[in-house]
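Here is the structure we will look at, set down as structure tokens.
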Amino acid sequence: LRRIRSYKTVVIEPRRVEDMDALMTRYYSLIGENKGGVIFAVCRGKVSEGMDFKDGYCRMVIVAGLPLMPVKDKKVKAMREFMDRKHLALKEDKDANGGTITGSAWYNLQASISVNQCVGRVLRHKMDFG
């Protein structure tokens, strides 16, 4: 982190939503002054989903690790079990045209969707680059 700070100003995603406006104002002013900056954020956080970093506001995203949901979370467990039941029911139904994915496949797909959201911060339109 020290080496990065010697080149760019480092901004870290705040835990509180109320602090986001100050963070983004600071970051946008760094870009406007041609100083650049680095934002450290988490997948599924405030910065990685929903923030618009078009044109020169974001040129690179690094995702370290897979953003898997907590496997023991009650909602995650329930959804995995639901997807497994649905998959099994459709697999046994000879008249069913389509299929569903298993609970495990759904779980992994959610991590892929989260990574795509993060990477999508760089490319906002067809003329953008990163």
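The values are calculated or read from the model by the stated rules, or taken from the named source; none is laboratory data. Remember, predicted model here, so these are calculated numbers, not experimental data. So basically every Cβ, Gly included, is an ideal-geometry build from the backbone, and we count neighbours across all protein chains shown. The accessibility values were calculated without ligands, DNA or RNA, using every heavy atom of the protein model including side chains. Shrake-Rupley method; radii C 1.70, N 1.55, O 1.52, S 1.80 Å.
A few notes on this one:
- If you check Arg121, Arg80, Arg59 for being more than 21 Å from Gly37 (Cα to Cα) and either touching an Asp or Glu at 6+ places or on another chain (Cβ under 7 Å) or basic (Lys, Arg) (or both), only one passes: Arg80.
- Test: residue in the stretch 76-87 that is part of a loop (DSSP other than H, G, I, E, B) and surrounded by fewer than 13 Cβ atoms within 10 Å (Cβ to Cβ): no
- Taken as a whole, the condition of being farther than 23 Å from Gln110 by Cβ and part of a loop (DSSP other than H, G, I, E, B) does not apply to Arg26.
- Check on Lys94, open to solvent by 90 Å² or more (accessible area, probe 1.4 Å), part of a loop (DSSP other than H, G, I, E, B) and modelled with pLDDT of 90 or more: no
- Failed condition for Glu18, given (1) on the phi < 0 side of the Ramachandran plot; (2) part of a loop (DSSP other than H, G, I, E, B); (3) open to solvent by 60 Å² or more (accessible area, probe 1.4 Å): (2)
- Qualifying residue in the stretch 25-36 (condition: within 21 Å of the chain's Cα centre (by Cα) and surrounded by 12 or more Cβ atoms within 10 Å (Cβ to Cβ)): yes
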